[in-house]
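Worksheet: one structure, shown below.
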Amino acid sequence: MPVDRRHVDALVGDRLRAVRKWRRMTLAQVEEASGGEFRTSVLGAYERGERGLAVTRLLRLAQLYDVPPSELLPEDDQDSEQDDAALQRFPPDSVL
């Protein structure tokens, strides 16, 4: 079965947002921490799944968030229980 790119982008976006919030960072703080490498508008588009994320950029965000890159990737769709467990580790609304 082919990969649904929009679905994957949305799952990665959910993970990005959850990890960012878990790190208690705003989009503006990520932009600042990255030295302007990641603009808030682009980060927001990644998090909303509106924009695909290149592997090199995903690796850089994992570095900024101090998490393994695998934490930002969705699990195999056939094992959605693992996906749910990862979202529990970094719940989207676990911020300020």
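Read-outs throughout are calculated quantities, based only on the coordinates presented, and are distinct from any laboratory measurement. Note that the coordinates shown come from a computational prediction; the quantities given were computed from them, not determined experimentally. Methodologically, a virtual Cβ is constructed for each residue, glycine included, from the backbone with ideal geometry; neighbour enumeration extends over all protein chains shown.
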**OP:** Enumerate by residue number the GluC sites (Glu not before Pro) in segment 1-65 meeting two conditions: DSSP loop (anything except H, G, I, E, B), and at most 13 other Cβ atoms within 10 Å of the site's Cβ.
**Re:** E37, E50
Original post:
Which whole-Hz couplings ³J(HN,Hα) result when phi for each residue of segment 43-48 is put into the Karplus expression 6.51 cos²θ - 1.76 cosθ + 1.60, θ = phi - 60°, listed in order with x for Gly and Pro?
Top reply: 4, x, 5, 4, 5, 7
Subject >> Two-decimal Rg to Rh for segment 5-75 - Kirkwood Rh, Cα set >> reply: 0.91
Original post:
Sequence-distant or interchain residues sharing an amide H contact under 5 Å with G49, placed H: which?
Top reply: G13
